[in-house]
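Asker: There's a structure below that I have some questions on.
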Amino acid sequence: MNQIAQTSAPQAEPPYLRGLNPPQREAVLTTDGPVLIIAGAGTGKTAALTARLAHLIFTRKAWPSEILSVTFTNKAAREMRERVGRLVGDAVEGMPWLGTFHAIAAKMLRRHAELVGLQSNFTILDTDDQLRLLKQLILAADIDEKRFPTRSLAGLIDQWKNKGLVPADIDAGESERYANGRGGELYQQYQTRLIALNACDFGDLLLHMLVILKTHRDVLAQYQQRFKYIMVDEYQDTNSSQYLWLRLLAQERKNIACVGDDDQSIYSWRGAQVENILKFERDFPGAKVIRLEQNYRSTPHILGAASGVIANNGGRLGKQLWTERDVGEKVKVIGVWDGPEEARRVGEEIDIVRRSGKSLDEVAILVRAQHQTREFEDRFIAIGMPYKIVGGFRFYERAEIRDALAYLRVVNQPADDLAFERIVNVPKRGLGDKAVARIHQLARATGTPLTTAAARILDTDELTGAAKKSLGRLVGDIARWRDMATSLPHAELARQLLDESGYTAMYQAEKSVEATGRLENLSELVRAMEEYDSLGAFLEHVSLVMDNEGGAQDPQVTIMTIHAAKGLEYDTVFLVGWEEGLFPSQRSLDEGGVKSLEEERRLAYVAITRARRLAVILHAANRRIYGQWNSSIPSRFVAELPPEHIDSETTMSGGASLWQANWSDRADPFADVARGTGRGPGWQRAAGTGSTFTAKPARVVESRASAISLGNKGRDDLSLGMRVFHQKFGYGTIAEIEGNKLEIDFEQSGRKRVMDSFVTLG
């Protein structure tokens, strides 16, 4: 009797359910059948996913080894394992199928490797090994690797594998994408060679398992029986191969729970397909859809602004984020005159945050493209603002920038052996290690710099054939560039040098997202040079920048791309460069039309929702591109921000906002994109046609115009002893004036010689 009474007594609520809101509880307790959990930004989806996993184990619906739980990153997998471990104890150690797609697929493949011609101890190639193998095949096929770079083929093969395509699936149209129709042939050769080496690349891990599951029904049945429950995080980021793999495994039991947010699908460039989450209910009829809409991160104004933007996308699953947090500040929208002022204004706003007692660790600047970071880095160094770059290198530490700087250093200083050594075979000139070693030997024997030794070795028989010819061309180019440096503006010299050396062409031929970003960085480097009087002055500035490393333990402002910020959150977020062509990216619109526009809008949604307390959006009326000032109009996403959630400092004369004036002159402001031009209305409209930027004093507008139009004539509004401001060096006092050149004693940077067009009255 006592035993029965004890059994019938109400059980205490499991710890994993405590603190969950009703939709989160529903996501945890709905265990059987297909479930789609639409988890908006900041709605506690990790807590729900972890609790669901704990619930399956705690209620003994499945042994830990009978649950497949897939994440996208090792970090997410570790966090999941740790959190579940705190809820269910040692049982988590029995979960061999909790991990990333690639980790789980690799474990499966080692059990069935022989079915695709591999042995269980196969090697997984890294990127360098993959490129080396592909290059061998390209050379053997007598294909010009300069015209058809190895990286282009590697990227194409990766795309095919992400789509679940084996060599036999590649039709003539796809094959035409490399080397005039030889892409499919090389893909087949590559796969054959991998099998011979008992190796595979990362794309093969899923592709091979997909082939095995499709062609060996017994293996598929084995895993369908093993996995009683399947859980998938970030489902909106799955590619075709991952989607097909999951669908096969889930077809028998259909106990699959996918967590994701179609509004945060921002990785199409690496194969992700938002369609996978949009068609979940078609793939699994009768699926339960649960929406997590209570946001625990951001204020109502931030959520309202983000929701107003994303509502312009079509084909969404739909949700309405809400929060119980205090209303907070409205989203700030600030219009500035140009890029340098944008950096200054952000610095001022961050100073306000710092003086209020808040930590710089809770401040982030999010850019659309990596080249945008340079302006902020230089500005922060000038004013002593500690910062860090997340998800990449500091601007001047990036490989392409270091290469370009090495070329410039060799031109500026013939004895710079380290710089010469870096560029002697970049891009590839057929100069192997032996040839470079001989140049070193001669330099040591004669006590001369490497550039001198390289010139002298051409008069000997040490080098022959192609190596001698290519070295001779480089030596001649360096000498010619040094002559040009005496008469040509140093920024123009840099442009010509990068073109004539073949360095720019190297990345243009690559035709990848990474290569495009590198070219943008090189353009930004040349743009930065225009602000300095000489090549030597610019290189000195770079040396000071490279030497400026704050203590890692000190609070720092975080600078990163919006893509890198996904999953992160900060109290204060600055969203910069919200102009047409920059964000949304013109390149994306040109390549993908409306589909790419919608992904750019999802990126805007992700950016805004990174902020907990304050989001500040900035756009500039002018950007300098390739040495020319170009007028800009605010991003269409600025126009989509609901007025009730924003405070704007940018106005048009007559009271109408600038973006309304640019975007309200047609019923459908996206018609240009739909037609494929990618440009919205007002694209060519010159800045200043009826517009007034009230946030900017008129004298700065004048000085910026001076930067374009003045020659050697000095400004008549400057005099000795006057206090001025420079965008890089901060405040200072004019010590000498010579035509349009000034010597200024800067308060933080010492005495510098600068052009008068780059200072404003202080």
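Asker: Hey, rough spin-label estimate for Q586 and V390, points 7 angstrom out along Cα→Cβ, what's it come to in nanometres?
Answerer: Between Q586 and V390, the label points sit 3.0 nm apart.
Asker: Considering amide H positions built from the backbone, and no H for Pro or chain starts, which residues 5 or more places from W337, or on another chain, come under 5 Å of its amide H?
Answerer: Under 5 Å from the amide H of W337: A621.
Asker: Against the globular-protein guess of 2.2 N^0.38 Å, express the Cα radius of gyration of segment 265-317 as a ratio, rounded to two decimals.
Answerer: 1.41
Asker: Let me ask something else about it. How large is ³J(HN,Hα) for each residue in segment 590-596, as worked out from phi by the Karplus curve 6.51 cos²θ - 1.76 cosθ + 1.60 (θ = phi - 60°), to whole Hz, x for Gly and Pro?
Answerer: The phi angles translate into 4, 7, x, x, 4, 4, 5 Hz.
Asker: For segment 168-268, state the semi-axes of the equivalent ellipsoid (square roots of 5 times the eigenvalues of the alpha-carbon gyration tensor), sorted largest first and rounded to whole angstrom.
Answerer: Largest first, segment 168-268 gives 29, 20, 11 Å.
Asker: If one takes the longest principal axis of the Cα atoms in the chain, at what angle in degrees, from 0 to 90 and to the nearest 10, does the Cα axis of helix 535-547 lie?
Answerer: Tilt relative to the chain: about 40 degrees.
Asker: Suppose we look only past 20 Å in the calculated P(r) of segment 46-199. What percent of the Cα-Cα pairs does that tail hold?
Answerer: 60
Asker: What's the carbon and sulfur percent of segment 278-326's accessible surface, probe 1.4 angstrom, rounded to a whole number?
Answerer: Its accessible area is 43 percent carbon and sulfur atoms.
Asker: Still on this structure, I have one more. Can you tell me how much longer the chain between D483 and V211 gets when fully stretched, taken as 0.36 nm per residue apart minus their C-alpha distance, in nm with one decimal?
Answerer: Gain in length upon complete extension: 91.8 nm.
Asker: Before anything else, pin down the relative contact order of the chain: Cα pairs under 8 Å, at least 6 apart, normalised by residue count, whole percent.
Answerer: With pairs under 8 Å counted, the relative contact order is 14 percent.
Asker: For the chain, which longest stretch is free of loop sites, where a loop site is one of the GluC sites (Glu not before Pro) that DSSP puts outside H, G, I, E and B and that has at most 11 other Cβ atoms within 10 Å?
Answerer: 1-323
Asker: Give the residue list of chymotrypsin sites (Phe, Trp or Tyr not before Pro) in segment 360-403 that are DSSP loop and have at most 14 other beta-carbon atoms within 10 angstrom.
Answerer: Passing both the DSSP loop test and the Cβ count: F393.
Asker: Which sequence of D499, D378 reflects their accessible areas, 1.4 Å probe, from the largest down?
Answerer: Putting D499, D378 in descending order of accessible area: D499, D378.
Asker: Do the alpha carbons of any pairs in K45/K595; K163/K288; K511/K566; K288/K330; K214/K288; K146/K469 sit beyond 29 Å of each other, and which pairs?
Answerer: K288/K330
Asker: If I stretch the segment between F58 and A221 completely, what's the gain in nm (0.36 nm per residue apart, minus their alpha carbon distance), one decimal?
Answerer: Length gained, F58 through A221: 56.0 nm.
Asker: Now for a separate question. Using only the heavy atoms of the protein chains and a 1.4 Å probe, how would T46, T373 rank by accessible area, largest first?
Answerer: Solvent-accessible surface, decreasing: T46, T373.
Asker: Of all beta bridges DSSP finds with both residues in the chain, what is the antiparallel percent, to the nearest 5?
Answerer: Percent antiparallel among DSSP bridges in the chain is about 35.
Asker: Tell me what the chain gives for mean residue ellipticity at 222 nm when only DSSP H runs of n ≥ 4 count, each as -39,500 (n - 2.57), the sum divided by the residue total, rounded to 500 deg cm²/dmol.
Answerer: So the helix-based figure for the chain works out to -14000 deg cm²/dmol.
Asker: Assuming R0 = 25 Å, can you tell me the calculated FRET efficiency for the pair Q188 and E397, based on Cβ-Cβ distance, to the nearest 0.05?
Answerer: 0.05
Asker: With axes computed from alpha carbons, what is the tilt in degrees of helix 183-196 against the longest principal axis of the chain, rounded to the nearest 10 within 0 to 90?
Answerer: Tilt of helix 183-196: around 60 degrees.
Asker: Please report, in debye to the nearest 20, how large the charge dipole of the chain is about its Cα centre when each Lys and Arg carries +1 at its beta carbon and each Asp and Glu carries -1 there.
Answerer: 1460
Asker: A further question on this structure: Rolling a 1.4 Å sphere over the protein heavy atoms, what is the accessible area per residue of the chain, to the nearest Å²?
Answerer: On a per-residue basis, the chain sits at 43 Å².
Asker: Eigenvalues of the Cα gyration tensor times 5, then square-rooted: what semi-axes does that give for segment 391-490, in whole angstrom, largest first?
Answerer: Listed largest to smallest, the semi-axes of segment 391-490 are 24, 17, 13 Å.
Asker: Could you derive backbone 3J(HN,Hα) for segment 504-512 from the dihedral phi with the Karplus parameters 6.51, -1.76 and 1.60 (θ = phi - 60°), listing whole Hz in sequence and x where the residue is Gly or Pro?
Answerer: Once rounded to whole Hz, the list reads 4, 4, 4, 7, 4, 6, 5, 6, 10.
Asker: Turning to a different aspect of this structure: Pairing the Cα long axis of helix 339-355 with the longest principal axis of the chain, what angle in degrees results, from 0 to 90 and rounded to the nearest 10?
Answerer: The answer is roughly 60 degrees.
The values are calculated or read from the model by the stated rules, or taken from the named source; none is laboratory data. It should be emphasised that the depicted structure is a prediction, and the values quoted were computed from it without experimental measurement. Glycine also receives a Cβ, built like all others from the backbone with ideal geometry; neighbour counts cover every protein chain displayed. Heavy atoms of the whole protein, side chains included, go into the accessibility calculation; ligands, DNA and RNA do not. Shrake-Rupley method; radii C 1.70, N 1.55, O 1.52, S 1.80 Å.
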